[in-house]
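Just so it is clear, none of the values below were taken in a lab; they were calculated from the coordinates. What you are looking at is a predicted structure, and each value in this text was computed from that prediction instead of being measured. Backbone-built Cβ (ideal geometry, glycine too); neighbour counts: all protein chains shown.
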Amino acid sequence: MNRATGGSSVRRSRETGRPGPRPRATPRCGRMRRALVALALLAPALLGAAPGGSAETISLAGNERGQRLDVTLTQVVDPASPAAGPTGEAEADGPDRLLAVRFRLENTGTAVYRDSPAPAAHLLDTTGQRFTGLNDPTTAGVNFPDTVTLDPGGTTEGFVTFRLPQDADPAAVQFALNTGLADDVGQWSLP
């Protein structure tokens, strides 16, 4: 915020010191911006985050007092087949594919963990596109319920499903408490 101009940022000409025209984004600038965003999202993965399914545990804090989980990514199933629905038939994927990630959650805090693991997980592809976890059932295994409740010391495991385009190249998976809104984010790179 620029207080001298009433809260807005103004670009000034170097020669006259007067306000000048705003720079216009060019197609090349847009590509560069997207590349920088992708690099920022993938930096932890590129700098040595745990590979997918490596069973590396990351300790994460929530936004409230006593919230702490040890989160372990234990398995990646790509592609995952949709599970049969109530009619006994599997639902078609359409142009997308499913990818299922299995997490183990252990409540190492002093507060009861009550949260929704699916929207707490995100998948990043190599272009920086972000996909939010779903509770879509697959043949990979049992998904987490909509809400998981764990007393301190409690442990549970389950899958989170991601729906992504067929040609997407998965790069990393992220997980955060408080339905994905906590400041503390764990990230695992995918092979």
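Can you report the number of residues in the range 118-155 which are surrounded by 14 or more Cβ atoms within 10 Å (Cβ to Cβ) and touching a Ser or Thr at 6+ places or on another chain (Cβ under 9 Å)?
Final tally of qualifying residues: 18.
Scan the range 63-81 for residues that are under 19 Å from Val112 (Cα atoms) and touching a Lys or Arg at 6+ places or on another chain (Cβ under 7 Å) and jot them down. If you could, list the steps in order and put the result at the bottom.
At the first step, the residues of the range 63-81 found to be under 19 Å from Val112 (Cα atoms) are 63-72.
Residue satisfying the conditions is Thr72 alone.
Could you give me the residue pairs with C-beta distances under 9 Å whose first residue belongs to the range 149-174 and is closer than 15 Å to Asp70 by Cα, whose second residue is of a type in the set (S, T, N, Q) and surrounded by fewer than 12 Cβ atoms within 10 Å (Cβ to Cβ) wherever it lies, and which are 6+ apart or on separate chains?
What qualifies is Pro152/Thr110.
Residue pairs, Cβ under 6 Å, 6 or more apart or interchain, first in the range 106-126 and within 20 Å of Glu56 (Cβ to Cβ), second part of a loop (DSSP other than H, G, I, E, B) and of a type in the set (A, V, I, L, M, F, W, C). List them.
From residues that are within 20 Å of Glu56 (Cβ to Cβ), the pairs are Pro117/Phe144.
Which of the residues that make up the range 156-191 are within 18 Å of the chain's Cα centre (by Cα), surrounded by fewer than 20 Cβ atoms within 10 Å (Cβ to Cβ) and polar (S, T, N, Q)?
Of everything in the range 156-191, those that are within 18 Å of the chain's Cα centre (by Cα), surrounded by fewer than 20 Cβ atoms within 10 Å (Cβ to Cβ) and polar (S, T, N, Q) turn out to be Asn178, Thr179.
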